[in-house]
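The values are calculated or read from the model by the stated rules, or taken from the named source; none is laboratory data. All figures in this text were calculated on a predicted structure; none of them were measured in a lab. In this analysis, Cβ positions are derived from the backbone assuming ideal geometry, glycine residues included, and neighbour counts consider all displayed protein chains.
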Amino acid sequence: MSTVSPSDYDPVPGKDLYEITPEDLQPQPWFTPEILMWMGIVFVALAAVFVVLGVRRRRRIQRDSASAANLRPLIAERELPFGVCTECRIVIDLPHAIACPQCGRSHYCINVDSEEQRSLALSGIGSA
């Protein structure tokens, strides 16, 4: 059987019972100025990260018509087989690439090993 000492029930650590004031027994707020400051810093940092990622995504989504104009002759004249990423608008030298080496996505890649797939790749990059 263990014994319990009076110090186990110390309501205010470091003070004797006759030194405790009513203010010591009040719950302390969790939103101290320091915590609010750090929450604000974290919020601003996360907002900055989301803005940067959003701008990068918007730049990636915007299609450059000059790159499509440069890519069309490459696709039309290249020897079979090869691959094309219609999102990044690049020709992939690996004929059976599973994903684009630049963006890592597979659903934008077209493996071109016939003339029908060549016309599909040309229509996939859009017009100049």
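Do we find that residue 28 is modelled with pLDDT under 90 and either surrounded by fewer than 10 Cβ atoms within 10 Å (Cβ to Cβ) or on the phi > 0 side of the Ramachandran plot (or both) in this structure? Spelling it out, residue 28 is indeed modelled with pLDDT under 90 and either surrounded by fewer than 10 Cβ atoms within 10 Å (Cβ to Cβ) or on the phi > 0 side of the Ramachandran plot (or both). Residues that are surrounded by 12 or more Cβ atoms within 10 Å (Cβ to Cβ), at pLDDT 70 or above and assigned to a loop (DSSP other than H, G, I, E, B) are absent from segment 48-70.
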